[in-house]
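The values are calculated or read from the model by the stated rules, or taken from the named source; none is laboratory data. What you see is a predicted model, and the numbers here were worked out from it, not measured in a lab. Heads up, the Cβs are rebuilt from the backbone with ideal geometry, glycines too, and the neighbour counts pull from every protein chain shown. Side chains included, ligands, DNA and RNA excluded: accessible areas come from the protein's heavy atoms. Shrake-Rupley method; radii C 1.70, N 1.55, O 1.52, S 1.80 Å.
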Amino acid sequence: MDVIRILLSILIPPLGVFLQVGIGLQFWVNVLLTLLGYIPGVIHAVYIIVTR
């Protein structure tokens, strides 16, 4: 299941974080990072998925 989340995180970073932790602080941080730059959002999403 983590492989699917990582692939979704590469395409749509907030979706991968949402599937891992739901709507919370990490989700909103990821939305902000994705809006500021796509790559920081992807890095953050993959980090959240791998560490949890």
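Results, tabulated for the structure shown:
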item	result
Taking the chain and dividing mean pair separation by its residue count, relative contact order in percent (alpha carbons under 8 Å, at least six apart)	40 percent
Phi to ³J(HN,Hα) by Karplus 6.51 cos²θ - 1.76 cosθ + 1.60 over the stretch 41-52, Hz, x for Gly, Pro	x, 5, 4, 5, 5, 5, 4, 4, 5, 6, 7, 10
Carbon + sulfur, % of accessible area of the chain - ligands and nucleic acids excluded, 1.4 Å	79 percent
Burial ranking of peptide ranges 35-45, 9-19 (average Cβ count within 10 Å, highest at the top)	9-19, 35-45
Distance (nanometres) between label positions extended 7 Å along Cα→Cβ at residue 2 and residue 51	1.4 nm
Net lengthening on full extension, residue 38/residue 25 (0.36 nm per residue, minus Cα-Cα)	2.8 nm
Accessible area per residue, Å², the chain with all protein chains present, probe 1.4 Å	64 Å²
Label of the coordinate-derived value, P(r) over Cα pairs in 5 Å bins from 0, in percent, listed as (i) 4, 17, 12, 11, 10, 8, 8, 7, 6, 5, 4, 3, 2, 1, 0, 0; (ii) 5, 29, 39, 21, 6, 0; (iii) 5, 21, 28, 20, 14, 8, 3, 1, 0	(ii)
